[in-house]
Each structure stands twice: as C-alpha cells, then as structure tokens.
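These notes concern the structure reproduced below.
We did not get these values from a lab; they are worked out from the coordinates using the rules stated. Bear in mind the structure is a predicted one, so any value in this text is a computation, not a measurement. Neighbour counts run over all protein chains shown; Cβ positions are idealised from the backbone, glycine included.
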Amino acid sequence: MKAGRRLALSLTLIVASASALGLPMERVAPAALALALVSGIPHGAYDLEFLFARGLRHACPLLVMYAGVVAVICLTWTEHAPLFSAAFFAVSVWHFGEGDLRGLLGLRPTPLAILSRGLAVVGVPILADWGATRPLVEALTGVSFLPLVSIEQAAVIAGVLAVQHIVVLALSSVRPRELWESSALMTMLLLTPGLLGFAVYFGGWHAPSHILAVRGRRLSRGVLGRSYPRGLELVVGLAGVAIVGLGWALASTDGGWSHSDVLASAIVPLAALTLPHALIVECWLGRLPRRPVPNGS
C-alpha cells in the first residue's frame, strides 16, 4: 500500500507541476483516461469477490439484482435525470470520502470527515474548471446552471472545498504524511483541468487503494480469492477491453476528440454502476479494522 501511495503522490505532483507551468494537457488526457480505465475496471470487477463470497448459489440472485438496478437506471435516466443525478452525486461523495479515509488512509472517520473528503474530491474537479465541466453536468442533470453559478463563483467554491478538507484533516490530528498527501492532491485538482484531474485522482489514488485493500483481505470463498491468478486474468482482460474501446473512440473521431466527449458518452452507465458498487463497498468497509484518530477523522 505504501508503494502505491508513493506512486500516486509522484503522479499527482508531476501533473500538478505540469499544470502550474502551463504545459499542454491534451497529450496527458488520453494517458490519464487510460490510467483510470486500467485501474478502474479491476476496481469495479472486484465486486464479484463479494457477490460470490457465499458461493454460486447465493451469487446468482445478487448478480441479477445488480444488473437489474443498473439496467433500470440506464433505461429511465432521461425521465428522472434530476433525481438520479442528485442520488449519483450524493452516493459518490460518501463513497469516495469513506473509501479514501478508510481504505486508503486506514482511518476511522466521522461523518463530517467523510463528507469533507467526498465533497473535495468530487466538487473541486467540477467547480475549478466550471467552464468545461458545466455542459457535462447540465447534460447529466437536465438542469441549466448558467444563471446560477458563474465561473468565478465556482472557482471560489472549489478553493473553499479544498481548504476545508485540509482544515478538517488538520483538526483531526492525522499524521503529517497524510496531511501533505491530501494537500498535494487538492493542489493538483485545483490546477488541473477538471476531468483530467479527477481521472488522475481516480486512477492513481482511489481505485488502486481499493484493489490493494481487497487483495490484502480477500474473502475466503470469494471467486477471485480462490485463485488470484485466475482473478487477475479476469480483471486484466476487462481492462484490456476498456483500453480497446478507448482506442476505437479515439480512432473514430477524425481528430475531433476531447476527453469530455468520451466521458459524456459513458457518464450515465458509470452513474448507474455507482449505486450497487457503493453499497457493496460500504458493506465490505464495515468489516475492516481501523486505526482510530483523535477528534474524528
């Protein structure tokens, strides 16, 4: 886990430095998306570890329910976009906040600390680059935010969200290393174009920490826990399919591609997958021992 955190921190500092120096980010975007897919697909595929924890007989109904929830959300999103979007953002805030503090940092966080982290990693990338992310948010929610939040106001809110998270961590007496890591992450999210910054965070921080935590505490009867090499083949294969799909998307746009285009086409399925995935991770996180931290997080 420590090696993974060092790598994530190094990647974060490199991207933040490139953004601060004004280096072109267009060439970095495909690599960041590929990173998010390579680690994100296995991160989601480990849901099978929990679905099969009690054997195939119990897993089949759970798989049907899992797929059914995703299908219903995808098919009815347009009719209920504001409701589903609100649920998606709320679940994402809690999922990323708790997953990072419990799984990545190994803490026993309070609800305040979880909300602080979740709002920061979800809100800062969106609001810091509001001019680019607003159309995507509007397409997802079906709500026009143009008269409500200006680019300048969004940038201020992004800064407040980043600072409040560092303050909450500092008041929670976390280790200095964890405080500096989070500070570097917040700086990168503020400086880097929103979607790119979030891809670096998701692919470099959130997903790898989840994968390493699952590998370290596999369930005894889990389908991936029975034979890790077989499970590794599964998740690597899924990641390969995702990379091929990304390559196809790049090749089929005649040079007019942007990282927003790919995410916009996938955002509803990703949002639909978030709810069952977050519920599974929530159940799993409750089983892990935690390092208590004075005064909260």
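Values for this structure:
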item: Surrounding net charge for residue 153, when Lys and Arg each add one and Asp and Glu each subtract one, Cβ distance under 14 Å; result: -1
item: Gyration tensor (alpha-carbon) shape descriptor, the range 38-196, a/c threshold 1.5; result: oblate
item: Tensor-based shape of the range 151-196 (alpha-carbon gyration tensor, a/c under 1.5 rounded, otherwise prolate or oblate); result: oblate
